[in-house]
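Let me begin by presenting the structure, written as structure tokens, before commenting on it.
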Amino acid sequence: MKAALDAAKTKNVDAAGFVETSAQIQAVATSKGQFGYGRSTAADYNLTARTPDGTGSGWASKSYNELRLLQPASLAGTAIDKAARSHDPAGIEPGKYTVVLEPAAMADLVANLAFAADARQADEGRSFFSKKGGGTRIGETVVNEKVTIYSDPAHPLAPAVPFDGDGLPLARINWIDKGVLKNLSYSRYWAQKQGKTATPNPGNLIMEGGTSTLDELIAGVQRGVLVTRFWYIRALDPQTLTFTGLTRDGLFLIENGKVTRPVKNMRWNESPIFALNNLDAMTPAERTVSGEGLGGAGFSIVCPAARIREFTFSSASDAV
């Protein structure tokens with residue numbers, strides 16, 4: 001962390017953060033003979049940098065299961081550079097923009113989509129995944145065919161303890177495969193009531209990526225914005241799976257395929273369903289930590305950066 005603070009001083013920004021390592025043992029046992037035991041480790045890095053006048057802010061965070069995989073100098077450089085470049089932002093009009101979402105922002109869309117895939121809510125007609133007239137939308141195409149989302153405790157970038165808090169064994173579960181909804185989450189109670197097999201709570205989420213670089217995503221934007229991360233996300237409408245939130249720690253205008261200047265943060269109202277239907281290109285997937293803190297120790301997320309058309313920004317925000 002001293003290296004980060006020294007680097008911040010050379011760019012005339014303030015910085016604060018942490019490096020945290022942990023080792024955990026998780027066990028479950030019942031009087032009926034059920035038993036599960038697993039060990040895990042985690043190494044987390046988080047740095048926020050701010051300009052002295054408070055107008056610019058940058059952030060970078062990563063989480064792995066091994067300390068050696070962290071690249072603190074690179075992460076510090078990213079946060080510090082974003083803070084310096086986001087100094088004195090100007091406002092832009094709310095509306096629909098093509099966005100390039102960095103992995104931290106994409107992770108929140110992926111997580112909120114997956115967490116909403118609850119079988120009981122769908123069966124009772126209370127969610128986007130409910131079919132009109134009864135039943136669920138399993139087997140239907142719900143997002144762009146480029147989108148595949150699954151959980152797998154054996155994933156090399158995001159290994160997880162192979163059972164959930166109830167002791168149910170974890171295996172690979174395909175939630176969305178090439179745009180098609182494949183599974184919903186069944187609690188023990190609802191599975192028994194519906195005559196289904198209970199679905200364990202996933203220990204990670206993985207969204208497959210593409211082959212583009214971040215620079216190539218940006219180069220394909222005539223006029224839009226580059227988003228570092230989201231925060232303060234809240235649900236608006238479960239029927240359309242619409243959420244609202246804010247951008248944070250680096251929002252930049254893209255013009256004619258180049259990042260041109262910092263812009264003030266914006267409030268967005270959008271559905272992961274609509275956003276993932278408007279996705280047109282992605283980088284390779286990587287282990288990431290979301291703006292809301294998901295993806296750290298205990299729950300891993302792997303996803304790409306993505307370019308998405310017609311993302312809705314509803315108002316400006318003075319927050320940094």
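Since every read-out is calculated from the coordinates, none of them should be taken as a lab result. Computed from a prediction, not measured in an experiment: that's the story for all the values here. Here the Cβ positions follow ideal geometry from the backbone for every residue, glycine too, while neighbour counts run over all protein chains shown.
In the chain, Cα pairs under 8 Å separated by at least six residues give a relative contact order of 21 percent.
Calculated from DSSP H runs of 4 or more alone, at -39500 (n - 2.57) each and per residue, what is the 222 nm mean residue ellipticity of the chain, nearest 500?
On the way: 7 runs with 60 residues, N = 320.
Theoretical 222 nm ellipticity from helices: -5000 deg cm²/dmol.
Close amide H partners of Leu170, meaning residues 5 or more places away or on another chain with modelled amide H under 5 Å apart, are Phe163, Asp164.
Between rounded, prolate and oblate, where does segment 124-210 land on the alpha carbon gyration tensor, with a ≥ b ≥ c its root eigenvalues, rounded for a/c under 1.5, else prolate if a/b exceeds b/c? Let's see the in-between values first.
Values: a/c = 3.00, a/b = 1.12, b/c = 2.68.
Cα axes put segment 124-210 in the oblate bin.
Count charges around Glu255 for me, please; just the other residues with Cβ under 9 Å from its Cβ, Lys/Arg as +1, Asp/Glu as -1. Mind showing how you got there, number by number?
Details: positive: Arg223, Lys258, Arg261; negative: none.
It works out to a net charge of +3.
The ellipsoid equivalent to the alpha-carbon distribution of segment 64-141 has semi-axes of 38, 22, 9 angstrom, derived from the gyration tensor eigenvalues as √(5λ) and listed largest first.
Computed with the Debye formula from one identical point scatterer per Cα of the chain, without solvent, the log10 of I(q)/I(0) at q = 0.09, 0.10, 0.12 Å⁻¹ comes to -0.49, -0.60, -0.85. For segment 5-55 versus segment 177-226, the spacing of their alpha-carbon centroids is 24 Å.
How long are the semi-axes of the ellipsoid equivalent to segment 174-245, from square roots of 5 times the Cα gyration tensor eigenvalues, in whole Å, largest first? Intermediate results must be reported in sequence, preceding the final value.
Working: eigenvalues 229, 64, 26 Å².
With the √(5λ) rule applied to segment 174-245, the semi-axes are 34, 18, 11 Å.
The distance linking segment 73-99 with segment 133-174 is 33 Å (Cα centroid to Cα centroid, whole angstrom).
Regarding segment 187-320, what's the average projected area of the Cα-atom convex hull, expressed in nm²?
Working: hull surface 39.2 nm².
Result: a mean projected hull area of 9.8 nm².
Considering only DSSP beta bridges with both partners in the chain, what is the antiparallel share in %, to the nearest 5?
Values: 68 of 77 bridges.
Percentage antiparallel, nearest 5: 90.
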